[in-house]
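In what follows, a structure is listed as structure tokens, so that the remarks can point back to it.
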Amino acid sequence: MEATSSLAEAILEQIADAVIYADATGTIMRWNHAAAALFGYSAAEALGQNLDLIIPEHLRAAHWRGFEAATRSGVMRLQGRPTVTRATHQTGRKLYIEMTFALVKGQAGDVARGAVAVARDVTERIEQQRADARRDSREHAQ
């Protein structure tokens, strides 16, 4: 079992995607190396903090409604499908990130202990798509 745990830890630390685990109260309990690179906060700075650390203020109310509904019901609206959303870097810079979410349930499989998110930066891709759309719109208007 210890070897499996050690392997899981190595995978989490070496994967290129950010992995964040928050308990049922929304407190960050796991923050891998890629999360530190993506959001600018070291694990020491992020652990024990509320998820509001990386959620833009204008999205917080909707996030918490969804988070609480999912942890209460045991069902996530997105069902593991990736979604693009906004996040905030430590510097205040706004990011576009693609995330997948999953509930982490206890041994009995009924009560959600928290949620895990896997994220990657897609800011450059989204900004390029928007620039292309603006260019196409201008060309069609002429």
Yes/no for residue 84 being within 14 Å of residue 118 (Cα to Cα), touching a strand residue (DSSP E or B) at 6+ places or on another chain (Cβ under 8 Å) and modelled with pLDDT under 95: no
Criterion violated by residue 100 - all others in (1) part of a strand (DSSP E or B); (2) open to solvent by less than 30 Å² (accessible area, probe 1.4 Å) satisfied: (2)
Among (1) open to solvent by 40 Å² or more (accessible area, probe 1.4 Å); (2) touching a strand residue (DSSP E or B) at 6+ places or on another chain (Cβ under 6 Å); (3) not aromatic (Phe, Trp, Tyr), the one test that residue 71 misses: (1)
Subset of segment 106-120 [open to solvent by less than 80 Å² (accessible area, probe 1.4 Å) and either touching a strand residue (DSSP E or B) at 6+ places or on another chain (Cβ under 8 Å) or in contact (Cβ under 8 Å) with a residue 60 or more places away in the chain (or both)]: 106, 112, 114, 115, 116, 117, 118, 119
Any hit, segment 81-89, residues being touching a Pro at 6+ places or on another chain (Cβ under 6 Å), open to solvent by 40 Å² or more (accessible area, probe 1.4 Å) and not polar (S, T, N, Q): yes
Check on residue 36, assigned to a helix (DSSP H, G or I), free of Cβ contacts under 8 Å to residues at least 24 places away in the same chain, within 29 Å of residue 127 (Cα to Cα) and under 13 Å from the mean Cα position of the chain (by Cα): yes
Some residue of segment 15-27 being without any contact (Cβ under 8 Å) to a residue 60 or more places away in the chain and under 14 Å from the mean Cα position of the chain (by Cα): yes
Test for residue 10: is it of a type outside the set (Asp, Glu), in a helix (DSSP H, G or I) and either under 13 Å from the mean Cα position of the chain (by Cα) or crowded, with 18+ Cβ neighbours inside 10 Å (or both): no
Test set (1) open to solvent by less than 50 Å² (accessible area, probe 1.4 Å); (2) more than 19 Å from residue 124 (Cα to Cα); (3) modelled with pLDDT of 95 or more - residue 60 fails condition number: (1)
Residue match in segment 61-70 (condition: touching a residue at least 12 places away in the same chain (Cβ under 8 Å), aliphatic (A, V, I, L, M), touching a Leu at 6+ places or on another chain (Cβ under 9 Å) and part of a helix (DSSP H, G or I)): yes
Residue match in segment 31-54 (condition: at pLDDT 95 or above, surrounded by 17 or more Cβ atoms within 10 Å (Cβ to Cβ) and closer than 24 Å to residue 111 by Cβ): yes
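The values are calculated or read from the model by the stated rules, or taken from the named source; none is laboratory data. Predicted model, so just to flag it, every value in this text is computed and none were measured. When we count neighbours, we look across all protein chains shown, and the Cβ atoms used for this are built from the backbone with ideal geometry, even at glycine. Areas reflect the complete protein model, heavy atoms only, side chains present, ligands, DNA and RNA absent. Shrake-Rupley method; radii C 1.70, N 1.55, O 1.52, S 1.80 Å.
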